[in-house]
Amino acid sequence: MLRRETLEPRSSMWDFLASYLHFLRTKHGYSCAYVGEVAGAARQTVSHWESGYRKPDEKQAELLDDLYGTGNLLATILYWAQAGHEANWYQEQVALEAIAAEIRIYESGLVPGIFQTENYARTLFTLGGSTDVERDVRERMARKSVLSRTDPPRIWALLDDNVVDRVVGSGGVMREQLEYLIELSYMPNVVINVIPRTVGYHSGLRGSFKILTVGREILAYTEAAAGGRLMRDPNEAERMRVRHDLLGADALSRQASRDHLRQLQESMR
C-alpha cells in the first residue's frame, strides 16, 4: 500500500488530491469514519484516498466538495487527474495486479511482464538502458508470484503476432520465452490467444491495455510512450472490456495459438 510520506503533490495530480483531502479533513477535525459516512464510503476507504491507494469517484468528489465547502474544486481536480498520464500509475497498476481476481491483457509489442522469462526481461532492461538491470529483473520476476497465489487470478491474455514472432535478444531467448508461454497456456486459470497477422489492422494496434477486477471495482490501464493511464471510471473500463472481447473474437483458439507458438519456436535459430 502507498504511504502518505511517499506522495509527490508537486508532480502528480493524484498525489495532490490525496494530500489535499488529508489537509481538508484534519483542518475540519473530522474523522475518517465521519467523512466516509457523508461520502458513502468505508472509513478505511477514506484513509486509502488520503494515502493515494484508492481514488474517489465523481459523485464522492461532489459530496466531499459539499462537506468541505470547496465549491467544485475537488471534482475539478479529480477530472484533470483522470485526464492525465502519469508514470506512477504503472506502479499502482502493478500493485493492483497482485491482488486482482481477474486480469485481461491485450499486448501489441512485448510479452506481458507477468509472463516474461528471466532472460527475456534481462534483455529488455539491458537494451532499454536500465541503471540496475539485476534489480529490475528481480522486481519483474517478483510480479510472477501472482501466478502461484493460493487463489490465482483468472487471466485472459491476447497477444498480437508482433509479440511472439519478433526476436528479442536472440533465438535462444525467444525459444525459451515461447516455451514458457506454451507452458502457461495449460494452466487452468490462464488463457493465451494469439491474434494472427492475417487479421490485418485491428483496434488493438492503437496500444496495449490491461483490465483488472479488484473486489467490486473494474479498472483499465492503458500504456503510452509518455506514461500510462489508470482508468477508474466504470464506463471507460467497460469500453475497454468490450474492446478486449472483440479482439478475442479475431484471435486463434487456445490450441491453435499453442500450435502457432510451437511453429514459431521451431523456426527460430
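The values are calculated or read from the model by the stated rules, or taken from the named source; none is laboratory data. This structure is a prediction, so every number in the text was calculated from the model and none was measured. No Cβ is skipped: glycine too gets one built from the backbone with ideal geometry, and neighbour counts run over all protein chains shown.
Kindly provide the set of residues from region 130-174 that are small (Gly, Ala, Ser) and in a loop (DSSP other than H, G, I, E, B), ordered by number.
Restricting attention to region 130-174, the residues satisfying the condition of being small (Gly, Ala, Ser) are 130, 142, 145, 148, 157, 169-172.
Within region 130-174, 130, 169, 170 qualify.
Please identify the pairs in which a residue from region 77-105 that is at positive phi and part of a helix (DSSP H, G or I) has its Cβ atom under 7 Å from the Cβ atom of a residue that is among the charged types (D, E, K, R) and at pLDDT 85 or above, counting only partners at least 6 apart or on another chain.
Pairs that qualify, where the first residue is at positive phi and part of a helix (DSSP H, G or I) and the partner is among the charged types (D, E, K, R) and at pLDDT 85 or above: there are none.
Quick grid of which residues meet (1) exposed (fewer than 15 other Cβ atoms within 10 Å of the Cβ); (2) within 30 Å of residue 60 (Cβ to Cβ); (3) of a type outside the set (A, V, I, L, M, F, W, C):
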position: 192; (1), (2), (3): no, no, no
position: 197; (1), (2), (3): yes, no, yes
position: 210; (1), (2), (3): no, yes, yes
position: 232; (1), (2), (3): no, yes, yes
position: 236; (1), (2), (3): no, yes, yes
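Among the residues of region 20-66, write down those that are surrounded by 21 or more Cβ atoms within 10 Å (Cβ to Cβ) and of a type in the set (Asp, Glu).
Once the filter is applied, which keeps residues that are surrounded by 21 or more Cβ atoms within 10 Å (Cβ to Cβ) and of a type in the set (Asp, Glu), region 20-66 yields only 50.
From 216, 258, grab the single residue that is exposed (fewer than 13 other Cβ atoms within 10 Å of the Cβ) and either basic (Lys, Arg) or outside the structural domain of residue 53 (by TED's automatic domain parsing) (or both).
Working: 258 fails: exposed (fewer than 13 other Cβ atoms within 10 Å of the Cβ).
So the residue among 216, 258 that is exposed (fewer than 13 other Cβ atoms within 10 Å of the Cβ) and either basic (Lys, Arg) or outside the structural domain of residue 53 (by TED's automatic domain parsing) (or both) is 216.
Taking region 44-66 only, how many residues are of a type in the set (Val, Ile, Thr) and closer than 14 Å to residue 76 by Cα? So that I can check it myself, show each step before the final result.
Pass one, region 44-66, residues of a type in the set (Val, Ile, Thr): 45-46.
Among the residues that remain, those that are also closer than 14 Å to residue 76 by Cα are: none.
Looking only at that region, the number is 0.
Residues are listed down the side, and each one gets a yes or a no for (1) of a type outside the set (Lys, Arg); (2) assigned to a helix (DSSP H, G or I); (3) touching a Phe, Trp or Tyr at 6+ places or on another chain (Cβ under 9 Å); (4) not assigned by TED's automatic domain parsing to the domain that holds residue 232:
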| residue | (1), (2), (3), (4) |
| --- | --- |
| 18 | yes, yes, yes, yes |
| 27 | no, yes, yes, yes |
| 44 | yes, yes, no, yes |
| 47 | yes, yes, yes, yes |
| 62 | yes, yes, no, yes |
| 71 | yes, no, no, yes |
| 75 | yes, yes, no, yes |
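When residues of region 175-205 are filtered for being touching a residue at least 60 places away in the same chain (Cβ under 8 Å) and in a helix (DSSP H, G or I), how many remain?
11
Does residue 200 satisfy the criteria of being of a type outside the set (Asp, Glu), on the phi < 0 side of the Ramachandran plot and in the same structural domain as residue 152 (by TED's automatic domain parsing)? Let's see the steps before the verdict.
Numbers: of a type outside the set (Asp, Glu): yes; on the phi < 0 side of the Ramachandran plot: no; in the same structural domain as residue 152 (by TED's automatic domain parsing): yes.
Spelling it out, it is not the case that residue 200 is of a type outside the set (Asp, Glu), on the phi < 0 side of the Ramachandran plot and in the same structural domain as residue 152 (by TED's automatic domain parsing).
Given the conditions (1) at pLDDT below 85; (2) surrounded by 15 or more Cβ atoms within 10 Å (Cβ to Cβ), report the number of the one that residue 87 does not fulfil.
The number of the failed condition is (2).
Does residue 146 meet the test of being surrounded by 14 or more Cβ atoms within 10 Å (Cβ to Cβ), in contact with a Pro (Cβ under 9 Å, 6 or more places away or on another chain) and in contact (Cβ under 8 Å) with a residue 40 or more places away in the chain?
Working: surrounded by 14 or more Cβ atoms within 10 Å (Cβ to Cβ): yes; in contact with a Pro (Cβ under 9 Å, 6 or more places away or on another chain): yes; in contact (Cβ under 8 Å) with a residue 40 or more places away in the chain: yes.
Considered against the rule, which asks whether it is surrounded by 14 or more Cβ atoms within 10 Å (Cβ to Cβ), in contact with a Pro (Cβ under 9 Å, 6 or more places away or on another chain) and in contact (Cβ under 8 Å) with a residue 40 or more places away in the chain, residue 146 comes out as yes.
Specify which of the listed residues (171, 128) is touching a residue at least 24 places away in the same chain (Cβ under 8 Å) and surrounded by fewer than 20 Cβ atoms within 10 Å (Cβ to Cβ).
On the way: 128 fails: touching a residue at least 24 places away in the same chain (Cβ under 8 Å).
From the options 171, 128, the qualifying one is 171.
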